[in-house]
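Take a look at the structure below.
The values are calculated or read from the model by the stated rules, or taken from the named source; none is laboratory data. The model shown is predicted, which means the values in this text are computed figures rather than measured ones. We place every Cβ from the backbone using ideal geometry, glycine too, and count neighbours over all the protein chains shown. The area values use the complete protein model at the heavy-atom level, side chains included, leaving out ligands, DNA and RNA. Shrake-Rupley method; radii C 1.70, N 1.55, O 1.52, S 1.80 Å.
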Amino acid sequence: MTQLLVVFAGLPGVGKSTLAGQVGVSLGVPVLPVDPIERALARHGLTGHGAGLAGYDALAGLAGVQLGLGTGVVVDAVNPVAGARELWFDLAARAGVPLRLIEVYCGDEAEWRRRVEARHAADPLAPTWEQTGRRGAEYEPLIGPRLVVDTTIAVDPLPAILRYLA
């Protein structure tokens, strides 16, 4: 398969990380989530907008290393605003690799809320439903070529995602 930069986008709890992991395993490439970076920054008192940008910059740097080694990479992050997404367009252009965007959402709000609340109960650092709602209000529509995946459909989305990436 051609070396790719695969970038997942979508709000917390929609199923991005699950799908990103499945895609990484299927392609045999590293999956780089932003969450551990953001948590490390928060442990050192770095929170808020500037820390979010720093986390995305660190993630882009790690993805660049992988691309420089000749491997593809899967990025797992909310990517809520156009500015964050521009990192991936710039990185793909610098590395000379195709960029494939996958936007994930959960079309059943009750199920989405259940997922978010279950994650928060298991991990108090995971966002609450209220925090997820605030992020949703700030989420800028992703415009342009991408695959949109609803994780509540009865069909396994992985085969369609892999076809999109081929």
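Quick one: Karplus J couplings for the stretch 39-46, per residue in order, coefficients 6.51, -1.76, 1.60, θ = phi - 60°, nearest Hz, x for Gly and Pro?
5, 5, 4, 5, 4, 9, x, 9
For D108 and V155, calculate 0.36 nm times their separation in residues minus their Cα-Cα distance, and state this gained length in nm to one decimal.
Once the chain is fully extended between D108 and V155, it gains 15.5 nm.
Tell me, what HN-Hα J-couplings in whole Hz come from the Karplus equation 6.51 cos²θ - 1.76 cosθ + 1.60 at θ = phi - 60° for each residue of the stretch 144-157, using x for Gly and Pro?
With coefficients 6.51, -1.76 and 1.60, one gets x, x, 5, 9, 10, 10, 9, 7, 9, 6, 6, 9, 4, x Hz.
Taking the Cα centre of each part, how many Å lie between the stretch 22-83 and the stretch 92-166?
Centre-to-centre distance over Cα atoms comes out at 15 Å.
For the chain, what is the accessible area per residue in Å², given a 1.4 Å probe and the full set of protein chains?
52 Å²
Given Cβ point charges of +1 (Lys, Arg) and -1 (Asp, Glu) and nothing else, what value in debye, to the nearest 20, does the dipole of the stretch 1-156 about its Cα centre take?
240 debye
From the residues G68, V155, W88, which one has its Cα farthest along the dipole of the stretch 36-166 in the positive direction, the dipole being from +1 and -1 charges on Cβ of Lys/Arg and Asp/Glu about the Cα centre?
My answer, from the dipole projection, is G68.
Using amide H atoms built in the peptide plane, which far-off residues or other-chain residues are under 5 Å from V149 H to H?
Amide H to amide H, under 5 Å and 5 or more residues apart or across chains, V149 pairs with E103, V104, Y105.
If you work out volume of the Cα convex hull per residue in Å³ from the coordinates, which of [x] 189; [y] 114; [z] 136 do you get?
[y]
Summing +1 for each Lys or Arg and -1 for each Asp or Glu, what net charge is found among the other residues whose Cβ lies under 11 Å from the Cβ of D123?
Result for the local shell: +1.
Can you list residues from other chains, or at least 5 along the same chain, whose modelled amide H is less than 5 Å from the amide H of V75?
V6, V7, F8, L32
List, in order, the whole-Hz ³J(HN,Hα) value for each residue of the stretch 71-80 obtained from phi through the Karplus relation with A = 6.51, B = -1.76, C = 1.60 and θ = phi - 60°; use x for Gly and Pro.
These are the phi-based 3J(HN,Hα) values: 9, x, 7, 10, 9, 10, 7, 4, 6, x Hz.
Tell me the carbon and sulfur percent of the accessible area for the chain, rounded to whole percent, probe radius 1.4 Å.
It is 59 percent, rounded to a whole number.
Connecting C-alpha atoms closer than 10 Å in a GNM of the chain, tell me which of G45, G96, G64 has the biggest fluctuation.
G45
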